[in-house]
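Written below as structure tokens is the structure these notes are about.
What follows is calculated from the coordinates using simple rules that are stated; it is not laboratory data. Predicted, not measured: the structure shown is a model, and the values here were computed from it. For neighbour counting, all protein chains shown are included, and Cβ atoms are generated from backbone atoms with ideal geometry for every residue, glycine included.
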Amino acid sequence: MRIAIDTSELYEPYRTGLYVARLGLVTALLQQGDREHQFTLLHSRAPWPGNGEGLYLPHPFDEVVHRPTLIRLPLLPLRRYYPRFGSLKRLPFCALGVLGRALSGPIEIIERLSVEQELESRRCDVFLAGERTELCVRGARHFGFMHDFTPIEMPEHHTRETLSLFARKLRYIERHCEFLLAVSETTRRATIRHLGWAPERVWTVAEGCDEAMNPHNRAASQEIVRRELHLPDRPLVLCVSALEPRKNHVRLLDAFRIVSARLREENPLLVLAGPEGWQAGELKRRIVQESASGRVVWTGFLSRKMLAHLYRSAEVAVFVSLFEGFGLPVLEAMACGTPVVASSVSSMPEVAGDAAILVDPKSVDEIAQAIERLLRSPSDRAALAAAGLRRAGAIRWEHAARRTLDIFRWACGEGICPPHSDPVLASVRE
């Protein structure tokens, strides 16, 4: 098959869960289908203003025999990258932003048509769209990719810009996509419900976690974490997520205050790892207060390598988000051999199965009891860690790539139709 994939979100400056998911799937597709299929990757090297990082396509080409073709997407639309009016100090930059937004419309159309003609000349069989794709590849079977529907189901937890971009994505999917890949059964059901699609058009393809997330060398990881992050030698309770309302940090902080009062001798430390999200002002003030008491540390954004060390160093990983499309930190913690406390809502029970303690994310008492139970009981931690490793071993990017290629083959008239629900995810009633 000739497969084209939009990888442009890999060039955005924020390494979110969407970035990790797209990188993992594309990398696994290149490795799994390298000898049999021809890949064309759409990319953009246009940096966002203020982003000092060198942007590059981070695919492991050294492990690919036939390197994929790269097609550069338009540098614009500038209106997505340049800021609105700001302070007078930024007037020259804002003026450039106004000009960029004014010119971006016609230039975007011209450049998009050029890319579409290039793809058409390559006679692609399948096109996998990205988060902000607006291309139509004539002759190819179009697949959308959906992580979650929180902009519709929880709009209060999103910015106006995010809601606008999501609406634009839905318009593209409804106009151009014949099929859709969803990261969980929760998202698949939401797709069918919100778009009114027939169930036969939507498949679940579970995410995975990279090889860096493993349980090896726990003692070495603990030493690295203490040295690099300046963390004390205390039992660590880890929460990996951006600071934003949907991630439910306030209830977690309330629960950990209870745990700290009950386990004064053990003196556990709550480590919050993740970048600052939106509407984080009040939460940051609360974290500062808790940090002054010695109960909480916020590390900010961490590299994937350091994050793996932190997972391995923690006694317990807690992820009590109010809603997730998948819940990658749950899987990553299990893959690192760390026992998990997770929310009992949305997709997280699908990922965790019976290998985590599931709690009501709105119940501070339930969260506190689960954390306390694991901190008090080494045997419970060991049992849950072993169960998590078995569970994570089945949910791998290699499985996602094989399943995705099987779906693509069927869409192109080859092979049999794979099950629409991903068998590696736990069955959860609506």
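How would Ile3, Ile371 line up from fewest to most surrounding beta-carbon atoms within 10 angstrom?
Ile3, Ile371
Among the GluC sites (Glu not before Pro) within region 215-318, which fall in a DSSP loop and have no more than 12 other Cβ atoms within 10 Å of their own Cβ? Could the numbers behind the result be given before it?
On the way: sites: Glu223, Glu228, Glu265, Glu266, Glu276, Glu282, Glu290, Glu315; in loops: Glu265, Glu266, Glu315.
Filter output for region 215-318: Glu265.
Subtracting the Cα-Cα distance from 0.36 nm times the residue separation, let me have the gained length for Asp254 to Leu165 in nm, one decimal. Walk me through the numbers on the way to the answer.
Working: separation 89, 0.36 × 89 = 32.04 nm, distance 3.38 nm.
In short, 28.7 nm is gained.
Any idea what the relative contact order of region 218-394 is, in percent, if you count C-alpha pairs under 8 Å spaced at least 6 apart? Mind dumping the intermediate values first?
Values: 330 pairs, mean separation 41.7, N = 177.
So the answer I get is 24 percent.
What's the FRET efficiency of Lys362 with Arg234 using the Cβ-Cβ distance as r and R₀ = 25 Å, to the nearest 0.05?
Efficiency, rounded to the nearest 0.05: 0.30.
Sort the following peptides by mean Cβ neighbour count (other Cβ atoms within 10 Å, averaged over residues), highest first: 168-174, 129-135.
129-135, 168-174
Name the residues whose placed amide hydrogens come within less than 5 Å of the amide hydrogen of His147, ignoring near sequence neighbours (fewer than 5 apart) on the same chain.
For His147, whose amide H was placed from the backbone, there are no distant partners under 5 Å.
Given the alpha-carbon gyration tensor of region 218-394, what are the semi-axes of its equivalent ellipsoid in whole angstrom, ordered largest first, with each equal to the square root of 5 times an eigenvalue?
Three semi-axes, in Å: 21, 19, 17.
Among all the aspartates and glutamates, which ones have a C-alpha under 15 Å from Lys305's C-alpha, if same-chain residues fewer than 8 places away are not counted?
Asp210, Glu211, Glu223, Glu228, Glu332
How much length, in nm to one decimal, is gained on full extension between Glu282 and Ala198, taken as 0.36 nm per residue of separation minus their Cα-Cα distance?
Length gained between Glu282 and Ala198: 26.0 nm.
Applying 1/(1 + (r/R0)^6) with R0 = 35 Å to the Cβ-Cβ distance of Leu263 and Ser303, what FRET efficiency is obtained, to the nearest 0.05?
Working from the Cβ atoms, E equals 0.70.
How would Val424, Val115, Val237 line up from fewest to most surrounding beta-carbon atoms within 10 angstrom?
By the 10 Å Cβ count, ascending: Val115, Val424, Val237.
Once the Cβ-Cβ distance between Asn214 and Ala383 is put in as r, and R0 is 22 Å, what FRET efficiency do you end up with, to the nearest 0.05? Let's see the in-between values first.
Working: r = 19 Å, r/R0 = 0.88.
Here the calculated transfer efficiency is 0.70.
Around Gly139, with a cut-off of 12 angstrom between Cβ atoms, what is the net charge of the other residues, counting Lys and Arg +1 and Asp and Glu -1?
Combined, the nearby Lys, Arg, Asp and Glu give +2.
Starting from the Cα of Leu113, step 7 Å along the direction of its Cβ; do the same at Cys417; then give the gap between the two resulting points in nm.
Going by the 7 Å Cα→Cβ label model, 3.8 nm.
Just to confirm a number: summing +1 for Lys and Arg and -1 for Asp and Glu over residues other than Trp278 whose beta-carbon lies under 14 angstrom from that of Trp278, what do you get?
In short, -1.
Let me spell out the model: positive unit charges on the Cβ of Lys and Arg, negative unit charges on the Cβ of Asp and Glu, origin at the Cα centre of region 218-394. What dipole size does that give, in debye rounded to 20?
Dipole size: approximately 320 debye.
What ranking do Phe323, Phe256, Phe301 get, fewest neighbouring Cβ atoms within 10 angstrom at the top? List each step's numbers first, then the result.
Values: Phe323 21, Phe256 24, Phe301 13.
Arranged by neighbour count, lowest to highest, Phe323, Phe256, Phe301 become Phe301, Phe323, Phe256.
Could the peptides 239-249, 187-197 be put in order, highest first, of the mean number of other beta-carbon atoms found within 10 Å of their residues?
So the peptides 239-249, 187-197, ranked by packing, come out 239-249, 187-197.
If packing is taken as the mean number of other Cβ atoms within 10 Å per residue, what is the order of 324-332, 306-314, 203-211, highest first?
Most protected by this proxy first, the peptides run 324-332, 306-314, 203-211.
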